[in-house]
Every structure is written in structure tokens, then in C-alpha cells.
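Inspection log for the structure reproduced underneath, given as C-alpha cells.
The values are calculated or read from the model by the stated rules, or taken from the named source; none is laboratory data. This one's a predicted model, so the numbers in the text were calculated from it and none came from an experiment. With ideal geometry, Cβ positions are generated from the backbone for all residues, glycine too; neighbour counts draw on all protein chains shown. Please note that ligands, DNA and RNA were not included when accessible areas were found on the heavy atoms of the full protein model with its side chains. Shrake-Rupley method; radii C 1.70, N 1.55, O 1.52, S 1.80 Å.
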Amino acid sequence: ASQVQRFSRHRFASRLVEQALHLGPVREREVLVAELLRTHDIGQLACHCFGVHVVLVLLRLPGSLERFDAALTKARPRLMKDRYGSWLLEQVQLAAPAASSSGAAPSP
């Protein structure tokens, strides 16, 4: 696994990946996105307690929701069963909000 993928699952390093995706130059963001998706699908990362936050930032990048729509649709059954995946679906409005939608991320 690449360092970016490993960092995306780390408690503190995932914050750096989030910030790099959010604030970094477009070329560097594209490199990070490509590296994140090289061997792992978006659903696998979204089911991780720290990876879900990286995926959320990734999906909020311009044009990303359309770019990853097929991957999210494919992973949706798995995401709906997972604590972090279902939270992600609520955030991107692909699933009906839960009865207690506080908007806060589930704690690890």
C-alpha cells in the first residue's frame, strides 16, 4: 500500500491528507486522488474511522461527486451497513438522513 493510503487511515496523518486535498494546488490534489484510488476503492476507505473524513473531503472537491458516482453507487450496499459509511452517505445526501442526524461524525 502507498504512503498516502496508509496515512489516510492514520489518526493524525489523515488530517494532513484532508488539508492537502482541501488546500493544495490542483496538480498535487490530482496526484493524491490518483494515489488514493490506485489500489483501494473509495468504499473501502469510507468504511474506516479516519478514512471516511478523507473521502468526505475528496467528494467535496469540484467535480468529484460526478467523478465517483459509479464507485459510490457500487459500494452503497456495503456503506449502508457500515457505521462510517452510512454517515458518509448522509453527508453526501445519497441516503435518507437517520432519525438522529446530528451531523457530527461517529466517534472511532
Per the filter on the range 83-95, residues open to solvent by less than 40 Å² (accessible area, probe 1.4 Å) and more than 12 Å from the chain's Cα centre (by Cα) are Ala95
For the range 65-82, pairs from a residue that is without any contact (Cβ under 8 Å) to a residue 40 or more places away in the chain to a residue that is open to solvent by less than 90 Å² (accessible area, probe 1.4 Å) and of a type in the set (Asp, Glu), with Cβ under 8 Å and 6 or more apart or across chains, are Ala71/Asp41; Lys74/Asp41; Ala75/Asp41
For the range 32-57 the number of residues that are within 13 Å of Gly85 (Cβ to Cβ) and crowded, with 19+ Cβ neighbours inside 10 Å is 10
Output for Cβ contacts, cut-off 8 Å, separation at least six or different chains, first residue closer than 13 Å to Arg6 by Cβ and of a type in the set (Ser, Thr, Tyr) in the range 31-44, second open to solvent by less than 70 Å² (accessible area, probe 1.4 Å) and modelled with pLDDT of 85 or more, reads Thr39/Gln5
Per the filter on the range 60-84, residues touching a helix residue (DSSP H, G or I) at 6+ places or on another chain (Cβ under 6 Å) and at pLDDT 90 or above are Ala75, Arg78, Leu79, Met80, Tyr84
Only one of Arg67, Arg29 is out of contact with any Lys or Arg (no Cβ under 6 Å at 6 or more places or on another chain) and open to solvent by 60 Å² or more (accessible area, probe 1.4 Å), namely Arg67
